[in-house]
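The values are calculated or read from the model by the stated rules, or taken from the named source; none is laboratory data. Not measured: the values here are computed from a predicted model. Note that we place each Cβ from the backbone using ideal geometry, even for glycine, and neighbour counts take in every protein chain shown.
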Amino acid sequence: MDDQIQLKLTKRFERDDDDESRVRPAYVNNIDLMRIGAEVFMDTCIMPVDDFARAKENQGSGKANEVDVIVLDRYVFGLDTFQRLYAAVQVMHADLSKIGALPSDATFRTETK
C-alpha cells in the first residue's frame, strides 16, 4: 500500500521531564494489550504528532521511521471487567461500521523494538 507509513516504535513510560507539547493534550492513538495469568494489562499511549509529521516527510525513503510510543497510563483488568470491555468495544465497532465510519486501511505499519 503506497499510502502507508512504516514506523519503528520504541515504547516507554511518560516521564516528569517530558515536554508537555509532545504529550499533551493526550489524544490516545495507540493501545497495547497483554495478559499475565488471569489479568489483562492495557497501556494507553500516544505517538507524538511531530514524529508522525517527520515520518510522513520521509515516507519515500523505504526505511522505518523511529517513533517514541509514550505510555500515559496502564490499566489492569480482571477477566470479568475485560469481558465487559470486550462486549462494549464490539457494540461500538458495530455502530461505527453501520454508519461507515471505520477506516478501510491502516495508515501506518509498525515494528516494535
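Residues to consider are Asp32, Asp73; find the one that is under 24 Å from Ile5 (Cβ atoms), at pLDDT below 95 and of a type outside the set (Val, Ile, Thr). Before you say what the answer is, go through the steps one by one.
Working: Asp73 fails: under 24 Å from Ile5 (Cβ atoms).
Selected residue: Asp32, the only one of Asp32, Asp73 that is under 24 Å from Ile5 (Cβ atoms), at pLDDT below 95 and of a type outside the set (Val, Ile, Thr).
Can you name the residue in the range 63-79 that is over 17 Å from the mean Cα position of the chain (by Cα) and touching a residue at least 40 places away in the same chain (Cβ under 8 Å) and is also surrounded by the fewest Cβ atoms within 10 Å (Cβ to Cβ) among such residues?
Filtering first and then ranking leaves Lys63.
Please determine whether any residue of the range 41-49 is farther than 21 Å from Asp105 by Cβ and aliphatic (A, V, I, L, M).
So in the range 41-49, the residues farther than 21 Å from Asp105 by Cβ come out as 41-46, 48.
From the residues that got through so far, the ones that are aliphatic (A, V, I, L, M) too are 42, 46.
Yes: one or more hits.
Determine if the range 80-99 includes at least one residue that is surrounded by 10 or more Cβ atoms within 10 Å (Cβ to Cβ), of a type in the set (A, V, I, L, M, F, W, C), at pLDDT 85 or above and in contact with a strand residue (DSSP E or B) (Cβ under 8 Å, 6 or more places away or on another chain).
Checked against the condition, which is being surrounded by 10 or more Cβ atoms within 10 Å (Cβ to Cβ), of a type in the set (A, V, I, L, M, F, W, C), at pLDDT 85 or above and in contact with a strand residue (DSSP E or B) (Cβ under 8 Å, 6 or more places away or on another chain), the range 80-99 yields at least one hit.
Keeping to the range 24-50, report how many residues are buried (at least 17 other Cβ atoms within 10 Å of the Cβ) and more than 15 Å from Arg12 (Cα to Cα).
Within the range 24-50, the first condition is being buried (at least 17 other Cβ atoms within 10 Å of the Cβ), and the residues that meet it are 30, 40, 43, 45-48.
Then keep just the ones that are more than 15 Å from Arg12 (Cα to Cα); that gives 40.
Number of matching residues: 1.
Is it the case that Leu33 is within 26 Å of Val89 (Cβ to Cβ), in a strand (DSSP E or B) and without any contact (Cβ under 8 Å) to a residue 12 or more places away in the chain?
Working: within 26 Å of Val89 (Cβ to Cβ): yes; in a strand (DSSP E or B): yes; without any contact (Cβ under 8 Å) to a residue 12 or more places away in the chain: yes.
Considered against the rule, which asks whether it is within 26 Å of Val89 (Cβ to Cβ), in a strand (DSSP E or B) and without any contact (Cβ under 8 Å) to a residue 12 or more places away in the chain, Leu33 comes out as yes.
Filter the range 36-78 down to the residues that are in a strand (DSSP E or B) and touching a Gly at 6+ places or on another chain (Cβ under 9 Å), then identify the one that is farthest from Ser21 (Cα to Cα). So that I can check it myself, show each step before the final result.
Going residue by residue through the range 36-78, those that are in a strand (DSSP E or B) are 36, 39-46, 65-78.
Narrowing the set further to residues that are touching a Gly at 6+ places or on another chain (Cβ under 9 Å) leaves 39-40.
On the way: Glu39: 33, Val40: 30 Å.
Selected residue: Glu39.
Please verify whether the range 12-27 includes one or more residues that are of a type outside the set (A, V, I, L, M), closer than 26 Å to Asp105 by Cβ and in contact (Cβ under 8 Å) with a residue 24 or more places away in the chain.
Residues of the range 12-27 that are of a type outside the set (A, V, I, L, M), as a first pass: 12-22, 24-25, 27.
Adding the requirement that they be closer than 26 Å to Asp105 by Cβ leaves 27.
Retained after the next criterion (residues that are in contact (Cβ under 8 Å) with a residue 24 or more places away in the chain): none.
No, the range 12-27 has no match at all.
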